[in-house]
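Undergrad: Here it is, the structure in full.
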Amino acid sequence: MELLKLHHDFISYHKENGTPFILFQGGRRSGKTVSILQFLYMESLTHPGTRTLIVTDTYARLKESIFQDLIMINRSAGGDSRRMRIHFSGGTRVLFETGSDFAFVYAGRDVRGYASNFHYIFFNECIQYDARTVREALKAAGPGCQVFFDYNPYTRFWVNDLYETAGNKLITTYHDNPFLSDFVRRELDRTAAAGKDAAPGTMERYLYEVECRGVDSTLSGLCFPRHKAVPDEEYHTSPLMEILACDWGALHATADPDVICGFRFSSDAIYCHEYYYSREGGDAEMAACLASIPFHRQYLVYDTATEGAGRVRSLFARTGLRFHFSPARKGAGSILTGIRNLQPYELRITASSRHFLAEMENYRFIQRNDTLQPVDDWNHCCDALRYAFDLWSMLPAQRKKC
């Protein structure tokens, strides 16, 4: 059976050195999954009694990808149904004539108490999982267990932060896979040609970087990857001008919160503070919050949705604070434009702004059909940020001073 040499050498090196976690990050059709399955197949035949747990996100991926790859590998190695048998009754599993076996579990399923003492665990397309799924499945590891992760980098991959160590990750592309059909290779070559010199932030560039180069893209993953928590004092003692921004939920209870955030802008960073975030409050609570903020005739930009103008009048009547009230500018494409305009800045968010920080870790791009769109969730403080930045960018220079 012919192996993908680059991947084979990579796995062999880390197996000999006892590396517990091996990560394969790569583009479409770069051979990540096949390489790992080839290795696990050979281990199951050459080391009787080898036990492997494979984690997939859905049964469809297991049936259409993992099983098809295993059947191809077994056939190319001259095997038949006696050497490797796929069983669907009594729990999906693969049995080998050597007494080795593959067991399977799906991402999101509670795997506590699952059979343990596995020699290998393989997280396929693990970009789909959360930390709990991975940690629970790792409890099934036996002594000396080796763990494989593979993924396409179209979103921020948190497993890197937990398990990546020096040299244990291979970034691979379709050029490393000698077994591609001519049709697929031509298709990827066309994608590469269209995106190599395309402008950052375009779909063509995104597809080139993720599918062809196998690396993170400007548009991939978190909408605002450049963020960090800073002490509250760093915000409140800053001499920079402050702009307040509101994002409304609804006057009556909904799943969306009412949000008031403050922002201070420099040439390369934006300082952010969450003043108010509640799904159960109302105008009286928000007015009290605004009244507690040191007042320097700030601008307050407000969401025009959910009776926005009426809510502003209510807040003004309750506080008497003469903010420079300004409605947020909206329109087709304004969300994507706002996100892209903000990406060059580092967002420095006060440590007490727990909802804002949570949004930063969850507000991400998803692919719908052929376009990338930010998910319509975890975006309330982020919407306020867009409104404030849009207003700040339009103010004359003399008004950007306190």
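Undergrad: Within the chain, how many Lys pairs sit with Cα atoms under 20 Å apart, leaving out pairs fewer than 8 places apart on the same chain?
TA: 7
Undergrad: Next question. Name the residue from Tyr41, Gly26, Phe10 whose Cα lies farthest towards the positive end of the charge dipole of region 1-66, charges +1 on Cβ of Lys and Arg and -1 on Cβ of Asp and Glu.
TA: Gly26
Undergrad: Identify, among Gly195, Leu240, Pro225, the residue whose Cα sits farthest towards the positive end of the charge dipole of region 195-245, taking +1 on the Cβ of Lys and Arg and -1 on the Cβ of Asp and Glu, with the dipole about the Cα centre.
TA: Of the options given, the answer is Gly195.
Undergrad: Applying the Karplus parametrisation 6.51 cos²θ - 1.76 cosθ + 1.60 with θ = phi - 60° to the phi angles of region 25-41, what ³J(HN,Hα) value in whole Hz is obtained for each residue in order, glycine and proline being reported as x?
TA: 10, x, x, 5, 6, 8, x, 4, 5, 4, 4, 5, 5, 4, 4, 5, 4
Undergrad: Could I have the simple spin-label model distance between Ala309 and Met203, label points 7 Å from Cα toward Cβ, reported in nm to one decimal?
TA: Label-label distance for Ala309 and Met203, simple model: 3.6 nm.
Undergrad: So I have (1) 172; (2) 136; (3) 157, and one of them is volume of the Cα convex hull per residue in Å³ calculated from this model. Which one is it?
TA: Matching the structure shown: (1).
Undergrad: Return the Rg/Rh value of region 213-360, two decimal places, where both radii are evaluated on C-alpha atoms and Rh is the Kirkwood radius.
TA: Rounded to two decimals, Rg over Rh is 0.97.
Undergrad: While we're looking at this one, here's another question. Among His355, Pro327, Ser314, which residue has its Cα furthest toward the positive end of the charge dipole of region 308-355, with +1 on Lys/Arg Cβ and -1 on Asp/Glu Cβ?
TA: Ser314
Undergrad: Above 24 angstrom, tally the Cα pairs of region 1-147 and express them as a % of all pairs, no decimals.
TA: Taking all Cα-Cα pairs of region 1-147, the fraction more than 24 Å apart is 27 percent.
Undergrad: So for region 12-134, averaging the separation of alpha carbon pairs under 8 Å that are six or more residues apart and normalising by length, what relative contact order in percent results?
TA: Here the relative contact order equals 33 percent.
Undergrad: Could you look at the chain and say what percent of its accessible area is carbon and sulfur, using a 1.4 Å probe and all protein chains?
TA: 50 percent
Undergrad: For the chain, report the accessible area per residue in Å² (1.4 Å probe, heavy atoms, rounded to an integer).
TA: 47 Å²
Undergrad: Kindly state, as a whole number, the per residue volume in cubic angstrom of the convex hull around the alpha carbon atoms of region 238-301.
TA: 87 Å³
Undergrad: Dividing the alpha-carbon radius of gyration of region 148-218 by 2.2 N^0.38 Å (N being the number of residues), what value is obtained?
TA: 1.22
Undergrad: Further, regarding this structure: Using amide H atoms built 1.01 Å from N in the peptide plane, name the residues 5+ places from Ile22, or on other chains, whose amide H lies under 5 Å from its own.
TA: Distant-sequence amide H within range of Ile22: Val147, Phe148, Phe149.
Undergrad: Determine the percent antiparallel among the DSSP beta bridges restricted to the chain, to the nearest 5.
TA: 40 percent
The values are calculated or read from the model by the stated rules, or taken from the named source; none is laboratory data. Computed from a prediction, not measured in an experiment: that's the story for all the values here. Cβ: placed from backbone, ideal geometry, glycine included. Neighbour counts: every protein chain shown. The protein model used for the area step is the full one, side chains on, heavy atoms only, and it has no ligands, DNA or RNA in it. Shrake-Rupley method; radii C 1.70, N 1.55, O 1.52, S 1.80 Å.
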